[in-house]
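The structure appears right after this line, and notes come after that.
The values are calculated or read from the model by the stated rules, or taken from the named source; none is laboratory data. Note that the structure is a prediction, hence the values are computed from the model and not measured. Ideal geometry is used to build each Cβ from the backbone, glycine not excepted, and the neighbour counts take in all protein chains shown.
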Amino acid sequence: MPNKPIEIIPVLDLKGGLVVRARQGLRHAYRPIQTPLSPTSTPTDIVAGLLTIFPFPIFYIADLDRIDRYGDHDASLTALSQTYPRLEFWVDAGVSETKEARDWLARHPRAHLVLGSESLKSLSILTDLAAHDRILLSMDFQGDRSLGPKVIHENPQLWPRRIIAMTLARVGSGRGPDIDRLMSLRRQAEGVQLYAAGGVRGNADLNLLRRLGVNGALVASALHEGRLTAQDLATGLS
């Protein structure tokens, strides 16, 4: 049984220049986050607040404006990278094709690009970038429906080594992780590093994911609401 501590990756959902509170993938209803960890909802303040809980080495960013094609947060990402040069940022920037991905990676040489299946146009981007070490794939789902080209979901041999299971209906819901989805993805590609996104409520959920062999979890609400504490993180969730 796996006994390695699970990796906790805080999430920043960016919209209109601010960090917003995500709820079940309903992006039109997202509002700037209010949290005891920060006096404002600006990205740099939120990261500073989260780092008071634990020295997280990795942060996940969803550039919602870029995903929805009405702006971007490139300036925010540059500011974060300059302010926190030792942090690693995983960014879903709504990239849909190879040239766009290569251009983004060139502009952000230290960040890792998350390819969200909901944004992709074809399988070719995975074959073109198969050898790139700063690529992750987010397998996006809304309810029982997979998002993006079916061919991407059906060809695990072309997936990169790091996969995020993004169950949008569970984001901010407090319903717990989508265990069935995670185990299905694990069966499809046993050798990948698998990360859960959506629904994590606290320590018990994270311990369950660890026992199931999930490598890490993307977490937001449980950190801001105090359901996942500094003590939980310091003890390795063992």
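Before moving on, here are some points about what is shown:
- Count of segment 121-145 residues which are of a type in the set (S, T, N, Q), touching a Ser or Thr at 6+ places or on another chain (Cβ under 7 Å) and either under 26 Å from V171 (Cβ atoms) or surrounded by 20 or more Cβ atoms within 10 Å (Cβ to Cβ) (or both): 1
- Test: residue in segment 153-168 that is buried (at least 22 other Cβ atoms within 10 Å of the Cβ), at pLDDT below 90, in contact with a helix residue (DSSP H, G or I) (Cβ under 8 Å, 6 or more places away or on another chain) and of a type in the set (S, T, N, Q): yes
- Odd one out for P177, checked against (1) over 27 Å from E225 (Cβ atoms); (2) of a type outside the set (G, A, S); (3) touching a helix residue (DSSP H, G or I) at 6+ places or on another chain (Cβ under 6 Å); (4) surrounded by 17 or more Cβ atoms within 10 Å (Cβ to Cβ): (1)
- Segment 185-216, residues that are under 17 Å from L136 (Cα atoms), buried (at least 23 other Cβ atoms within 10 Å of the Cβ), touching an Asp or Glu at 6+ places or on another chain (Cβ under 9 Å) and not small (G, A, S): Y195
- Enumeration of residues in segment 187-238 that are under 19 Å from V11 (Cβ atoms) and among the β-branched types (V, I, T): V200, V214, V219, T229
Rundown of residues vs (1) without any contact (Cβ under 8 Å) to a residue 60 or more places away in the chain; (2) surrounded by fewer than 15 Cβ atoms within 10 Å (Cβ to Cβ); (3) under 16 Å from A220 (Cβ atoms); (4) not aliphatic (A, V, I, L, M), yes/no style:
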{"position": "Y30", "(1), (2), (3), (4)": "yes, no, yes, yes"}
{"position": "Q82", "(1), (2), (3), (4)": "yes, yes, no, yes"}
{"position": "E88", "(1), (2), (3), (4)": "yes, no, no, yes"}
{"position": "W104", "(1), (2), (3), (4)": "yes, no, no, yes"}
{"position": "A111", "(1), (2), (3), (4)": "yes, no, no, no"}
{"position": "S119", "(1), (2), (3), (4)": "yes, no, no, yes"}
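- Residue within segment 217-238 that is assigned to a loop (DSSP other than H, G, I, E, B), within 18 Å of the chain's Cα centre (by Cα), crowded, with 19+ Cβ neighbours inside 10 Å and aliphatic (A, V, I, L, M) present: yes
- Cβ pairs under 8 Å, 6+ apart, first in segment 143-162 and aromatic (F, W, Y), second assigned to a helix (DSSP H, G or I): W159/L126
- Residues that are of a type in the set (V, I, T), under 22 Å from T229 (Cβ atoms) and within 17 Å of the chain's Cα centre (by Cα) were ranked within segment 39-80; the one that is surrounded by the most Cβ atoms within 10 Å (Cβ to Cβ) is I46.
- Any hit, segment 8-19, residues being acidic (D, E) and under 20 Å from R227 (Cβ atoms): yes
- Residues in segment 81-125 that are basic (K, R) and under 19 Å from the mean Cα position of the chain (by Cα): R86, R110.
- Each residue in segment 36-64 was checked for being at pLDDT 95 or above and part of a helix (DSSP H, G or I), and 9 of them qualify.
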